[in-house]
Amino acid sequence: MSILLETQDLELAYGAFHAVNGVNLKVEAGTIHTIIGPNGAGKTSLFHCLTGERQATAGAIHFDGKNLMRKPAHGRVGLGMARSFQLTSLFQNLSVRENLRLAAQGRDGARALNFWRRVDSQREHLEMADQVLERLQLTARADTLAGELSHGQQRVLEVGMSICSKPKLLMLDEPTSGMGIDDIPIMTQLISDLGRDHTVLLIEHNMRIVMSISQRITVMSHGQILVVGTQVFVRVDERVRTAYLGEAA
Amino acid sequence: MSEKNPLPFAKTQSRAMLLWVLAVLIGLPLILPSATLATEILIFAMAALACNLLLGYTGLLSFGQGIFFGAGAYCAALLMIHLQLGLFTALLGAAIAGGFLALLVGALAIRRTGIYFVMLTLAFSQMAYFVAYTLSDWTGGDNGLLSVPRPEIRLGDTVLLSLADARAFYGFVAVLFLLIFIGARRVIASPFGSTLMAIRENETRASAIGYDTRHFKILVFVLSGAVTGIAGALYAMLLHFVPLSNIDLAMSENILIMTIVGGTGSLFGSLLGAGSIVLLGDFLSDLWPRWLMLLGVILILVVIFMRGGLWGGLASLFEKVCGSRKNVVIAKEEGL
Amino acid sequence: MLNLYLFQILNGLGLGMIYFLIAVGLTIIFGLLNFVNFAHGAFFLLGAYICYTAVSLTGNFWLALLIAPLVVAALAWVIERLLIQRIYHLPHMFQILVTLGIALIIQEASVMIWGPVGKSVAVPELLRGVLVVGDFVYHYYRLFLIVFSGLVGLGLWLLLERTRFGALVRAGSESTETVSLLGTNIFRLFSMTFALGVALAGVAGVLFAPLRGAQPFVGPEILGVAFVVVVIGGMGSFSGALVGGLLVGVVQSLMTRLWPQGASLMIYGAMAVVILIRPYGLFGRA
């Protein structure tokens, strides 16, 4: 199994506080890899470093053989990385199809600086958008404004946008956050599906989902990796229990 | 910008828009008492259009448009007066001057966002004014530049058309405006334009999906600056005079007012805005020297009751009358 | 020679204290209400004009010093209730547009009421004359200006730091939600804060009147300087407004001797530099 994403002693320090404190993450290509951990464990901070939203203060990040440390967020998309946000972050006043088309267009963001060509001349982006619409089962809502979708549909669109750039690695930050009980299976099925043609790195709190779809689980606590393993392994590990429930457990 | 954003956002426009513009261009000199007034409207419509590219489409509130307007005016005037350069060269020079200054202003200003971005453009505007004031050898300082020529359209040594007549000049400016309008529509309907709107909606997201937003913002600044520069040059040719006021903060404010009152939701709004403000000023200033008070009231009313500006008002009226939502407000994003 | 510089510096301090009063009002409004008030300069000139009228009617500058800010505050209160309250939630762009509109209305109304030329206000009896120290001469009024502004500043500081109202204002700038959840009538707080901020500009206008009179078209210039001071000092910061105001006042004063146009260029240039390098200004917080 090849390693698609790897970090070495990654650190993100805010002054004296280390949100990420020496993390050696290994994500194998073709797996669905979930990061779990109590609040404040540093999961989202780790994500920020990986996506480039924050500049790590120490350590290294290697993606697909390339060193990512100096690459800004928008540059990592071109290399095959895509993310979704925990707090829904869409283009509210644009249609669902346009949201997806923009995401597809962003794969080669610099090409979009062309201000003379017509947008619809780039068939491939529209086609990608339509394909993803189908996959998300949102074709009927293609022309609806993103802001008018239900919360569950917005979360699905969030994930959908990250597929459009044909990434090698999908990074999903709490995709089911705030979703109702009825919508969650749709998301779970989607992620499972995506896992077949992408590598997926996921932050999740919903243990049922984590256990049902993850091939590998990394448990974080206090900015460090506590345990890595399959769900069977992680479920019974003492340290995980302690991390979540405190010493007394 | 928040989810419940009350700002009426610009979208790509329908084909009918072009016909409306043509109608206005043809109708203006017929309805108005003077061709000069009509020309002034088109010149400011150009400036407002350029301002709207920044404001309505990219979400950037720039108090610096006066810098590019004034620079374009000075540049064209100086090229014509000192180097005896012709019409198109002067206009090109103005576009380059406006675009270049916009590059500088834009590159610096976009390092900040929100109110700090606005304050930066304001500071640069004041600085430009004082520079223009100080370099009075070039700019004429307080007195401005006088005797600015209005060259003919010529091919080599042959004079094709003299623009001395007000109507002829109007025709020339109208053609330019139409070309710029079509060009702006093209820009908006391009991948670049769609990305601008994405940046306006959610810059973080735009960045996260692969766009280096700085490049986009700087490019739209340059385009805006170039068009504003051309407008300034035409204004110099219209008045045969470049006053210092072309580059002061009030000019930037006026352009913004025209853009917002006209309606930031579409390019046609800029034409409406320029038309109404210029006409209002022209009509009222003879009747009532304190007409600015009325402008103040209008500004307040627009914000309270008609944030979409004149364009927004017309569009809703149209919707109500025609009943269909298809028309102008929800135009297709793909620009088809 | 030294006397000349001392003279200019004292002038600068006087001017700076006036800038401080204007800026601190603007910064309080921005700090709590997150509201960009482009009408601030107009309230300054209104203060000067009402002072003129009060002095014409009563012959008493001191009475005017009391009345004018109150009138300005009352007007501001009304405007806030009727208009400003509706636009807090709107993007800054609309706040700017509305306050620009208000500024225009005030400006033109001033010309209508008091004429286009400007009115002069006499220095009060008590403060006429000059102080003579060796061969250094300085007007009593200008010294009074510095001292009185300082007292107003001190009073304001006490108000903000030591009273319940002040605590609410400071807390509100951190989080209006929390303050309103604690049971405060947030709308009343906003109205009072707006009125207070504007009244400070009014006081500045009154103090400035005996120096340069009441002018209808100074609004934009005063507004510009106020923003420079607020940016340099830090938006929402009291000490920032003070230090920023004094800095700008002194620099402007000194530059007027050396290179008048340069003064404006420098202060706006400084504003740009501060925003680019240290946007929170000298004392502002994130």
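Overview of values
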| item | result |
| --- | --- |
| Residue satisfying condition, being surrounded by fewer than 24 Cβ atoms within 10 Å (Cβ to Cβ), of a type in the set (Ser, Thr, Tyr) and more than 7 Å from every other protein chain (Cβ to nearest Cβ), within set B:213, B:204 | B:213 |
| Out of C:147, C:152, C:130, sole residue that is more than 14 Å from chain B (Cβ to nearest Cβ), touching a His at 6+ places or on another chain (Cβ under 8 Å) and modelled with pLDDT of 85 or more | C:130 |
| Hey, residue A:143 loosely packed, with under 14 Cβ neighbours inside 10 Å, within 9 Å of chain B (Cβ to nearest Cβ) and on the phi < 0 side of the Ramachandran plot or not | yes |
| Members of the range B:132-144 found to be surrounded by 17 or more Cβ atoms within 10 Å (Cβ to Cβ), more than 7 Å from every other protein chain (Cβ to nearest Cβ) and farther than 20 Å from residue B:253 by Cβ, listed by number | B:139, B:140 |
| Count - residues of the range A:1-52 that are surrounded by fewer than 18 Cβ atoms within 10 Å (Cβ to Cβ) and in a loop (DSSP other than H, G, I, E, B) | 11 |
| Residues satisfying the stated conditions in the range C:217-251, i.e. at pLDDT below 90 and either hydrophobic (A, V, I, L, M, F, W, C) or closer than 28 Å to residue C:118 by Cα (or both) | C:235 |
| Subset of the range C:98-122 that is in contact with a strand residue (DSSP E or B) (Cβ under 9 Å, 6 or more places away or on another chain) and surrounded by fewer than 22 Cβ atoms within 10 Å (Cβ to Cβ) - its residue that is nearest to the other protein chains (Cβ to nearest Cβ) | C:114 |
| Conditions (1) of a type in the set (A, V, I, L, M); (2) surrounded by fewer than 21 Cβ atoms within 10 Å (Cβ to Cβ); (3) out of contact with any helix residue (DSSP H, G or I) (no Cβ under 7 Å at 6 or more places or on another chain); number of the one not met by residue A:113 | (3) |
| Single condition residue C:204 does not satisfy, out of (1) within 11 Å of chain B (Cβ to nearest Cβ); (2) part of a helix (DSSP H, G or I); (3) surrounded by 23 or more Cβ atoms within 10 Å (Cβ to Cβ); (4) small (Gly, Ala, Ser) | (1) |
| Criterion: part of a loop (DSSP other than H, G, I, E, B), under 21 Å from residue C:266 (Cα atoms) and within 11 Å of another protein chain (Cβ to nearest Cβ) - qualifying residue of B:117, B:63 | B:63 |
| All positions within the range B:108-120 that are in contact (Cβ under 8 Å) with a residue 40 or more places away in the chain and within 20 Å of the chain's Cα centre (by Cα) | B:109, B:110, B:117, B:118 |
| Test: residue in the range C:66-75 that is among the β-branched types (Val, Ile, Thr) and either touching a Gly at 6+ places or on another chain (Cβ under 9 Å) or at pLDDT 95 or above (or both) | yes |
| Scan of the range A:64-104 for residues that are among the small types (Gly, Ala, Ser), more than 10 Å from every other protein chain (Cβ to nearest Cβ) and crowded, with 17+ Cβ neighbours inside 10 Å, ordered by number | A:80 |
| Verdict on residue B:129 being buried (at least 21 other Cβ atoms within 10 Å of the Cβ), among the aromatic types (Phe, Trp, Tyr) and touching a helix residue (DSSP H, G or I) at 6+ places or on another chain (Cβ under 6 Å) | yes |
| Residue match in the range B:69-89 (condition: small (Gly, Ala, Ser), modelled with pLDDT of 95 or more and out of contact with any strand residue (DSSP E or B) (no Cβ under 9 Å at 6 or more places or on another chain)) | yes |
| Single residue of A:171, A:161 found to be within 14 Å of chain B (Cβ to nearest Cβ), buried (at least 21 other Cβ atoms within 10 Å of the Cβ) and assigned to a strand (DSSP E or B) | A:171 |
| Some residue of the range A:58-65 being in contact (Cβ under 8 Å) with a residue 60 or more places away in the chain and not in a helix (DSSP H, G or I) | yes |
| Complete set of residues in the range B:227-283 that are touching a Pro at 6+ places or on another chain (Cβ under 8 Å), surrounded by fewer than 24 Cβ atoms within 10 Å (Cβ to Cβ) and either free of Cβ contacts under 8 Å to residues at least 12 places away in the same chain or part of a helix (DSSP H, G or I) (or both) | B:249, B:250 |
| Leading residue by the ranking (nearest to the chain's Cα centre (by Cα)) among those in the range C:270-281 that are facing another protein chain (nearest Cβ under 7 Å) and surrounded by 18 or more Cβ atoms within 10 Å (Cβ to Cβ) | C:271 |
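The values are calculated or read from the model by the stated rules, or taken from the named source; none is laboratory data. Source: prediction; values computed, not measured. Note that each Cβ is placed from the backbone with ideal geometry, even for glycine, and that neighbours are counted across all protein chains shown.
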